[in-house]
Amino acid sequence: MKRNLGKYLIVFLLLTSTFLSASSYEWTLQKNKTVAHQNEAVYLHYSCTFEDRAELYAIDFKPVTDNSNYRLEVLREDEKIINGQKINEFEFVLFVKNAGHFSLTLDTMMKKTNKDSIENGVLGRDNANYEEFAFFPMKQKPIELEILPTQNKIVGEFSLQVKKDVPKVKAYTPYHLEFRVEGLGDFQVFKDVDIKIEDVEVFSEDAKENISLKKEGYSGSWVKKFAFVSDKSYVIPAWSIKYFDLKRREVRELKFESIKVEVSEATFKQEELLDKEVKSFRVDMSFVYYLLTFIAGFLVAKIKIGKKEQANPKEILFCEKIEQVKSLEALAVLLISKDLRKYNDIISKIESGELTTLRAAKKLICN
């Protein structure tokens, strides 16, 4: 056992010695700033240049990415051959959380194998004699930064645009509101934006993000849409988010002022839904969706459904109206007006696109 241990130790020392003597490379570190604010993006570029193609060398560079003092995001890794020299590049974006002097030394593992080991792996051989590696841990050049304090943990450069309907709607008609934030910074702070209003049904889509990591930090846009439905007037409350503006070097605020939405009594007439009176009218399917959901939540309990026994004159008349409808959108609105609960499945299929032909939809209603 001692002989084998000594044999392995000699092999390890020989490999390490070979590694140290044969390796010829140079590491460089570039950063785009030496002074930054808390949570401001700092771009780091590490580059390792070998003297030749260095086929037997590999680099394991996976530093700790998050702790109480900093967050490190991987931006890009690359390996290329230029003029017969292998160059490995590692790009990171660093966010320092606390003010004061900051120093960070990242660890890297340099690895060297041999040609037999590479061939063994490629050909699928199972021979321990070829599984020989030399590992050489090294520390990178320290990152030294001066981190300035900010009056707010949220930093960046943001702008807010608000799209909104005219604040006068009919009862049960949705009022639409859209927030769009663009710029540079931590967009996660906007994920909790939510609105709740008593006696108002609030619908919202999942926020749509178009964000990418760049040298300057996270950049892009964040969009969230809301729709409000009620049978009486209401107020959409104001909200605001403060942040430290990196360009102006001051605390600024994204602010949305409250909106009073005036709701008037609804006047729905079934005969207005027929084709001859709606040829130029195109129903917004999002309106059908919100109307459908709201009525299902608030009015289903008030709708009395009678048992269907046999066709009566009213049903015959309704089927005649169905035959006059010339579009799926008009049919959906007619069904909502007629009996939401009874035709809920058909309306949902129209809205989702499962029903694509008017003929098929009519057959489901009047056989």
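Any read-out appearing in this document is the output of simple, stated calculations on the displayed coordinates, not a laboratory observation. A quick note: this is a predicted structure, and the numbers were derived from the prediction, not measured. Don't worry about glycine lacking a Cβ; one is built from the backbone with ideal geometry, like all the others, and counts go over all protein chains shown.
Quick notes
- Annotated for segment 74-115: lysine pairs at least 8 residues apart or interchain, Cα distance under 18 Å, count 5.
- Computed from label points 7 Å out along Cα-Cβ, the spacing between N69 and E182 is 3.9 nm.
- Length gained when the stretch K232-F136 is fully extended (0.36 nm per residue, less Cα-Cα span): 27.3 nm
- Net charge contributed by nearby residues that have their C-beta within less than 15 Å of F50 (K/R +1, D/E -1): -2
- Put simply, the amide H of D165, placed in the peptide plane, has neighbours under 5 Å in H176, leaving out anything fewer than 5 places away on its chain.
- Overall form of segment 155-264 per C-alpha gyration tensor (a/c, 1.5; a/b vs b/c): prolate
- Cα-projected label distance for E354 with L29, points at 7 Å along beta-carbon direction, nm: 5.9 nm
- Protection proxy ranking of 174-182, 315-323, by the mean of other Cβ atoms within 10 Å over each peptide's residues and highest first, is 174-182, 315-323.
- Amide H contacts under 5 Å for S233: V263, restricted to partners 5 or more places along the chain or on a different chain, H placed in the peptide plane at 1.01 Å from N.
- Counted by Cβ distance under 14 Å from R180, the other residues give a net charge of +1, where Lys and Arg count +1 and Asp and Glu count -1.
- Counted charge near N88, where neighbours are those whose Cβ lies closer than 15 Å (Asp, Glu -1; Lys, Arg +1): -3
- Simple spin-label estimate for E320 and E79 gives 7.9 nm between the two label positions (7 Å along the Cα-to-Cβ direction from each Cα).
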